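Chemist: Got a structure for you, written out below as structure tokens; questions coming shortly.
The values are calculated or read from the model by the stated rules, or taken from the named source; none is laboratory data. Since we're looking at a predicted model, the values are computed, not measured. Glycine gets a Cβ as well: all are built from the backbone with ideal geometry, and neighbour counts include every protein chain shown.
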Amino acid sequence: MELQLLNEQGQAGAGVAAADTVFGREYNEALIHQIVVAYAANARSGNRKQKDREEVSHTTKKPWRQKGTGRARAGMSSSPLWRGGGRIFPNSPDENFSHKVNKKMFRAGICSIYSQLAREGRLSVVESLSIDAPKTKLLSQKLQGMGLESVLVITDTLDENLLLASRNLPNVLVVEPKHADPMSLVFYKKVLVTKAALAKIEEMYA
């Protein structure tokens with residue numbers, strides 16, 4: 001499999017050979033969907049909380065007598081049928097949202113994503129990517145010069161200038177190969193990989 005090599009002006013040069021075991025896999029939509037959903041579910045912090053009828057503030061006094069008023073019988077104001085009453089099935093922070101995905105499936109899913117990105121022309125390789133100072137403007141100008149707006153940058157090691165400059169750009173994320181998660185790979189329009197990072201990706205997944 002050959003990947004597109006870009007120069008600093010965003011122009012395509014000679015192709016870069018890449019392992020077919022990582023970048024030549026068949027597209028498996030069901031598996032990709034499964035690992036993306038699992039990743040999003042496992043990232044949930046469980047901070048939702050609602051009160052049931054036992055937890056809401058209320059009196060246990062019967063609102064009115066059982067018979068003779070013509071109204072429906074009522075026991076207490078915490079009833080879920082009443083405004084201000086408790087929820088019947090409240091959300092709890094203890095709820096477990098985690099999804100289990102086997103390592104073999106996760107690796108196969110990541111490779112399927114990389115392969116599809118390469119086929120669609122959304123994955124490109126650069127020799128290296130760096131800036132002289134941790135300035136957002138410098139990185140923004142460099143990426144604009146390459147014709148990139150929404151981009152996931154994968155580098156072999158995190159360059160401090162690059163990392164700090166990217167934090168204020170909403171459509172740019174800089175990560176190491178081990179932190180390239182399925183959601184980010186799918187979300188960004190382009191994926192830019194340095195040559196050194198490409199070797200690490202092949203080492204991890206080949």
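Chemist: Checking the condition of a type in the set (A, V, I, L, M) and touching a strand residue (DSSP E or B) at 6+ places or on another chain (Cβ under 8 Å), which residue from LEU169, LEU192, LEU138, LEU164 passes?
Modeler: LEU192
Chemist: Of the residues that make up region 18-33, is at least one in the same structural domain as ARG122 (by TED's automatic domain parsing), in contact with a strand residue (DSSP E or B) (Cβ under 6 Å, 6 or more places away or on another chain) and surrounded by 11 or more Cβ atoms within 10 Å (Cβ to Cβ)?
Modeler: Checking region 18-33: at least one residue is in the same structural domain as ARG122 (by TED's automatic domain parsing), in contact with a strand residue (DSSP E or B) (Cβ under 6 Å, 6 or more places away or on another chain) and surrounded by 11 or more Cβ atoms within 10 Å (Cβ to Cβ).
Chemist: Now a separate question. Would you call ALA38 surrounded by fewer than 10 Cβ atoms within 10 Å (Cβ to Cβ), at pLDDT 95 or above and not in a loop (DSSP other than H, G, I, E, B)?
Modeler: no
Chemist: Among the residues of region 137-180, which ones are crowded, with 18+ Cβ neighbours inside 10 Å, in contact with a Lys or Arg (Cβ under 8 Å, 6 or more places away or on another chain) and within 16 Å of LEU117 (Cβ to Cβ)?
Modeler: If the condition is that a residue be crowded, with 18+ Cβ neighbours inside 10 Å, in contact with a Lys or Arg (Cβ under 8 Å, 6 or more places away or on another chain) and within 16 Å of LEU117 (Cβ to Cβ), then LEU148, VAL151, LEU152, PRO177 are the ones that fit.
Chemist: Looking only at region 51-96, count how many residues are surrounded by 14 or more Cβ atoms within 10 Å (Cβ to Cβ) and more than 30 Å from ALA38 (Cα to Cα).
Modeler: Counting residues in region 51-96 that are surrounded by 14 or more Cβ atoms within 10 Å (Cβ to Cβ) and more than 30 Å from ALA38 (Cα to Cα) gives 12.
Chemist: Looking at region 109-137, which of its residues are part of a helix (DSSP H, G or I) and within 21 Å of ALA196 (Cβ to Cβ)?
Modeler: ILE110, CYS111, ILE113, TYR114, SER115, LEU117, ALA118
Chemist: Taking the condition of a type in the set (S, T, N, Q), at pLDDT 95 or above and assigned to a loop (DSSP other than H, G, I, E, B), does THR69 pass?
Modeler: yes
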